[in-house]
1. Based on a Kirkwood Rh over C-alpha pairs, give the Stokes-Einstein translational diffusion coefficient of the chain at 10 °C and viscosity 1.306 mPa s in µm²/s.
2. Given an 8 Å cut-off on Cα distances and at least 6 residues of separation, report the relative contact order of region 211-341 as a percent.
3. Can you tell me the Rg and the Dmax, both Å, for the Cα atoms in region 330-459?
4. Can you give the FRET efficiency to the nearest 0.05 for residue 427 and residue 111, using r as the Cβ-Cβ distance and R₀ = 41 Å?
5. What helices does the chain hold that run 20 Å or longer along their axis, going by alpha-carbon atoms, with a Kyte-Doolittle average of -1.0 or more, using DSSP H for the helix calls?
6. Could you tell me which trypsin sites (Lys or Arg not before Pro) in region 249-343 are loop residues by DSSP with no more than 13 other beta carbons within 10 angstrom of their beta carbon?
7. Quick one: dipole size for the chain, taken about the Cα centre, charges +1 on Lys/Arg Cβ and -1 on Asp/Glu Cβ, in debye to the nearest 20.
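Bear in mind that the values in this text are calculations on the coordinates, not laboratory data. Keep in mind it's a predicted model, so treat the numbers as computed, not measured. So basically every Cβ, Gly included, is an ideal-geometry build from the backbone, and we count neighbours across all protein chains shown.
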Amino acid sequence: MTQIKHERSTQDLVRAAVSGWLGTALEFMDFQLYSLGAALVFHEIFFPEQSAAMALILAMGTYGAGYIARIIGAFVFGKMGDRIGRKKVLFITITMMGICTTLIGVLPTYAQIGIFAPVLLVTLRIIQGLGAGAEISGAGTMLAEYAPKGKRGIISSLVAMGTNCGTLSATAIWAVMFFALEREQLIAWGWRIPFLASVVVMIFAIWLRMNLKESPVFEKVSEGEKSPALTPASENTLGAMFTSKSFWLATGLRFGQAGNSGLIQTFLAGYLVQTLLFNKSIPTDALMISSVIGFITIPLLGWLSDKYGRRLPYIILNISAIILAWPMLSIVVDKTYSPGVIMAALIVIHNFAVLGLFALENITMAEIFGSRNRFTRMAISKEAGGLVAVGFGPVLAGIFCNMTDSWLPILIMLVLYSCIGLISALLMPEVRDRDLSLPEDAAEATAAEKLHHSATQTS
């Protein structure tokens, strides 16, 4: 049989890196455009007949609907990615996401068509979520399988940099909208501009994906007996996945990071503005500055993970988030502090509890899972953690804060999420520079090695 040349040129690696970065930027531009829109204006545009607190909860619930769709998309497109290739699936997901994000910008409002306005919004969020459910996992898988050993952490951090670019772009656009427009103009038509502007990114990202080569690792394992298509059915089921220790460890890592992201980037921004009546520029400007600082935080953590392994940075960041939660959040919600101090506290907790962890997430998950089901299990573990933590976390935070008339539920949830991330990091095996063509997941392979070693010692 003719062997396929699996090596990739530097140009191919650069193209894969830019493709992964840009696709993730588009996903998180949508994420932040909608999350800030839901927190700051959507309650008036799509849910105007509700009280301020209930409208915010409903807007967050619509946001959560996208996460239910994401886990379905993770399963469907993840399975496709393990069978037909990463490239084809990534082309489909970027197209779905981009079109839906743009269409949100042309939706009629509640004042124009009544209840059908939020129904259409939810419909677009669901379709959008189907594509987003596999986008970042596919990009992370592709780039990890392209990157050489010893540099996977810093190269894969480019995918996380895409989240930073998307968050920064969306936050900057909303900040400009609030600065340039009166409230009445923003509600009347200005809110559409951020979503319509995303079409530029979408067109370039689609073109780039069309010219991307397939992952060399996928081509390698597709040639031989390790091919995902030749995997025994018993090893390719949901039951096998749910009994996998690696799957639950990855889900726990994601739960910690995603939960904190939902609390800080989504709910806290709306809580400060709607409930505590802070100036709207405080959360938007703080997140924008934090995203700029993230251009240092993210590659630094990627480089450190190449040097010291994946576990140690995870452990340190989660412990730091737990320790910093009370002092930072108590400053953020206290109006007696100056806006600069409040923003600084928000930036600190955002970098430790969200951006730093996300820098490690993609490469760690890619190395935890074997080639047999990497795309599927990485996508589902990411979206399962995201569904519970991000999809419903902001809604629960809104309910509990409304019930208690206090910000303490935010603190409790952030500490809880970080504890789950910490426990998962402590239990996971070190996976730095693991052979990505191996079919087995890391935790199962480690357990098998220990069992074999024990049997050898006793024989």
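1. Details: Rh = 22.1 Å.
This corresponds to a translational diffusion coefficient of 72 µm²/s.
2. Values: 25 pairs, mean separation 16.6, N = 131.
Relative contact order, region 211-341: 13 percent.
3. 20.1, 70
4. Values: r = 52 Å, r/R0 = 1.26.
In this case the efficiency is close to 0.20.
5. Values: long enough: 10-40 (43 Å, 0.62); 52-84 (47 Å, 1.09); 86-104 (28 Å, 1.23); 116-146 (45 Å, 1.05); 152-180 (42 Å, 1.23); 245-261 (24 Å, -0.18); 281-308 (38 Å, 0.95); 311-332 (30 Å, 1.68); 408-427 (29 Å, 2.50); 442-458 (24 Å, -0.54).
The answer, listed by residue number, is 10-40, 52-84, 86-104, 116-146, 152-180, 245-261, 281-308, 311-332, 408-427, 442-458.
6. Working: sites: 254, 280, 307, 310, 311, 335; in loops: 280, 310, 335.
Those satisfying the criteria are 335.
7. Details: 33 positive and 30 negative charges, 141 e Å.
Dipole of the chain, to the nearest 20 debye: 680 debye.
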